[in-house]
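Asker: Structure provided below as structure tokens; questions to follow.
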Amino acid sequence: MERGQRPAKPAFPEPFARVVEAFRRLPGIGSKTATRLAFHLLLSSEEERSLLTGALDTLRSNLIPCRDCRNIVERDTQNPEAPLRCTICCDPARDRGILIVVEDIQTLYSLEKSGEFKGLYHVLEGRLSPLEGVNPDKLRIRELLERLGDPEVKEVILATSPTTDGEATALYLSRLIKPMGIRVSRIAFGIPVGLEIEYVDEVTLIRAVEGRHPF
Ligand SMILES: [Zn+2]
């Protein structure tokens, strides 16, 4: 090898390279980790591999969005098309007067992990982004407004990311919700501005919810 020349990347056989590539596409996984995981699976037992493939196969097919909040719910195998409500929405102990709007299910679970938020959720499934062609019709805004028709709802907390798009989404929603006579608040950010909210740890996230301000 000439001086200064980098060693060539190993050329894996196609079936192995495909697994490495599939892992590499996952968030937070670089080439090195992807290769390590692929080798691990290659050398693991048939049972361990089918645990993974079996779980992946049913990941989407056995899950449907909650009828109310869009959290994930396990499909009823007897009646696969039946719309269902998630355990949070069904829980009689939750405060139905307060609803927190999040961009994605990941943020919902981060808040749940803290165990301190007792209200209900609404998952928007994204945020407004004119540049990426995400307009209000692409988000679960209509469903949100329908839920707010319930006179029991007294407050909506907007927990979208502190990014330009997240802020624009919060502003858009507050303009729609305030005329309905519902209190609107925005979470306080001890969260670094510009950071995607799904990467925020649950303690920071729940503090941000507690420190919310009128919006
Ligand atoms: Zn739900």
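Asker: Roughly how compact is the stretch 151-215, stated as its Cα Rg over 2.2 N^0.38 Å to two decimals? Walk me through the intermediate numbers first.
Answerer: Values: Rg = 11.9 Å, N = 65, 2.2 N^0.38 = 10.7 Å.
Normalised by 2.2 N^0.38 Å, the Cα Rg of the stretch 151-215 equals 1.11.
Asker: What's the extension gain from M180 to A82 if we count 0.36 nm per residue and subtract their Cα-Cα distance?
Answerer: Fully extending the segment from M180 to A82 adds 32.2 nm.
Asker: Give the cross-link partners of K138 among the lysines, using a straight C-alpha distance below 24 Å as the criterion and excluding same-chain residues fewer than 8 apart.
Answerer: The reachable lysines, counting only those whose Cα sits under 24 Å from K138, are K178.
Asker: Could you look at the stretch 1-157 and say what percent of its accessible area is carbon and sulfur, using a 1.4 Å probe and all protein chains? Could you put the intermediate results ahead of the total?
Answerer: Values: 5840 of 10600 Å².
It is 55 percent, rounded to a whole number.
Asker: Turning to a different aspect of this structure: Need the full-extension length gain, R60 to H213, defined as separation in residues times 0.36 nm minus the C-alpha distance. One decimal, nm.
Answerer: Details: separation 153, 0.36 × 153 = 55.08 nm, distance 3.70 nm.
Difference between extended and current length: 51.4 nm.
Asker: Something else about it: At 1.4 Å probe size, with no ligands or nucleic acids counted, give the accessible surface of Y109 in Å², nearest ten.
Answerer: 110 Å²
Asker: Could you report the chain's accessible area per residue, 1.4 Å probe, as an integer in Å²?
Answerer: Details: 13440 Å² over 215 residues.
Here the per-residue accessible area is 63 Å².
Asker: Distance from a point 7 Å along Cα→Cβ of A168 to each backbone N in the stretch 121-144: keep the residues under 12 Å and list them by number.
Answerer: 127-136
Asker: What three numbers, in Å, describe the spread of the alpha carbons of the stretch 14-59 along their principal axes, ordered from the longest?
Answerer: So the extents along the principal axes, rounded to whole Å, are 25, 23, 18.
Asker: Follow-up. Please list the equivalent ellipsoid semi-axes of the stretch 35-152, computed as the square roots of five times the alpha-carbon gyration tensor eigenvalues, in descending order and whole angstrom.
Answerer: Details: eigenvalues 206, 73, 49 Å².
After diagonalising the Cα gyration tensor, the semi-axes are 32, 19, 16 Å.
Asker: Right, another one. How many percent of DSSP beta bridges within the chain run antiparallel, rounded to 5?
Answerer: Working: 6 of 18 bridges.
Around 35 percent antiparallel, to the nearest 5.
Asker: Right, here's the next one. Over the Cα atoms of the chain, what radius of gyration and what Dmax do you get, in Å?
Answerer: Reported Rg and Dmax, both Å: 21.6, 75.
Asker: On a full-extension model of 0.36 nm per residue, what is the gain between L51 and T204, subtracting their alpha-carbon distance, rounded to one decimal in nm? Please list the in-between numbers first.
Answerer: On the way: separation 153, 0.36 × 153 = 55.08 nm, distance 3.40 nm.
Gain on stretching L51 to T204: 51.7 nm.
The values are calculated or read from the model by the stated rules, or taken from the named source; none is laboratory data. Computed from a predicted structure; not experimentally measured. Counting neighbours? That spans all protein chains shown, and the Cβs are built from the backbone with ideal geometry, glycine included. Side chains included, ligands, DNA and RNA excluded: accessible areas come from the protein's heavy atoms. Shrake-Rupley method; radii C 1.70, N 1.55, O 1.52, S 1.80 Å.
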